[in-house]
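A short reminder: the numbers here are calculations on the coordinates, not readings from a lab. Bear in mind that the values here come from a model prediction, so they are computed numbers and not experimental data. So basically every Cβ, Gly included, is an ideal-geometry build from the backbone, and we count neighbours across all protein chains shown.
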Amino acid sequence: MFHREGQRIITVTLIAVIAIILLAKFQLDIFWLRVGVQFVAIVALLAVLQFFRNPVRETNPRFHEILSPVDGKVVTVEEVEETEYFKEKRLQVSIFMSPLNVHVTRYPASGVVKYSKYHPGKYLVAWHPKSSTDNERTTIVVNTPRFGEILYRQIAGAVARRIINYAVTGQQVEQGQDAGFIKFGSRVDLFLPLDCKVAVQIGQKVVGGTSVIAEMGELQVDEENSEAILRAMGKSIRSSWEWNKDTSSKDS
């Protein structure tokens, strides 16, 4: 399965590769040259298909866990001052994506989008300390039932020159749902509450929509306040709550 953001590039590449293969077959008489050109064209097509792959992943939303928004490697886990939205200290977890990783961005938690903003900027290498504030980027804040407001930031790198963000302010989103795409290598930063427990280490590889980045104690919801929470967080959160409720009942 391939991501919708790659449909045009995949189509154009496929047509170009077919044309190159046919031209090589009828125009190049030297066998090794003809085969070499065709081989390079096929490899280019496979590389494009590999980059835009979008594996289907089953995510069972959990209020007390933050899941990785992307595939990649954890490069930063530290307490920092978040200056754009919170303007206070937060736990930052940064994930670097190489061109070989799946580049789909997924919502790290269920909730309501409170803030979504695009910032033009530079194209420093994604692991540069100032890439989070100086590079082209999008900042998204989701209000969640257990963690409160969390922020994730898509950051363009030296190779990545286009960020796709689907988050719209006021939108109800579900953990693991497709949130966007970053083309050709990049980084995502998460800014979380100081009292949550980070579940990853620097150098650890993570999988989007699957790997747990941070957790808190499970949300305690009684009959008196459960409907209020569900009304506030919307229908998408209702499905998450019902799944959590069923799981808790089975565990007990």
- [ ] Calculate the dipole size of region 65-215 relative to its Cα centre from +1 charges on Lys and Arg beta carbons and -1 charges on Asp and Glu beta carbons; express the result in debye to the nearest 20.
- [x] 460 debye
Task: Cut-off under 5 Å, modelled amide H: who pairs with Gln177 long-range - done: Tyr107
TODO: Search the structure for amide H atoms under 5 Å from the amide H of Lys89, placed 1.01 Å from N in the peptide plane, and list their residues when 5 or more places away or on another chain.
DONE: Glu82
Task: Amide hydrogen neighbours beyond the local backbone of Lys183, cut-off 5 Å, H modeled - done: Arg161, Arg162, Ile164
TODO: Describe numerically, in nm with one decimal, the distance between label points set 7 Å from Cα along Cα→Cβ at Arg162 and at Ala16.
DONE: 1.2 nm
Open item on the list: If packing is taken as the average number of other Cβ atoms within 10 Å across a peptide's residues, how do 191-202, 133-144, 22-33 rank, most packed first?
Closed with: 133-144, 191-202, 22-33
Task: Rounded if a/c under 1.5, otherwise prolate or oblate - region 4-51, Cα gyration tensor axes - done: oblate
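Return the FRET efficiency for the residue pair Asp195, Gln50: r is the Cβ-Cβ distance, R0 is 51 Å, and the value is rounded to the nearest 0.05. Please report the intermediate quantities before stating the final value.
Numbers: r = 40 Å, r/R0 = 0.78.
Here the calculated transfer efficiency is 0.80.
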Task: Environment charge of Phe52, counting only residues whose C-beta is closer than 15 Å and scoring Lys/Arg +1, Asp/Glu -1 - done: +2
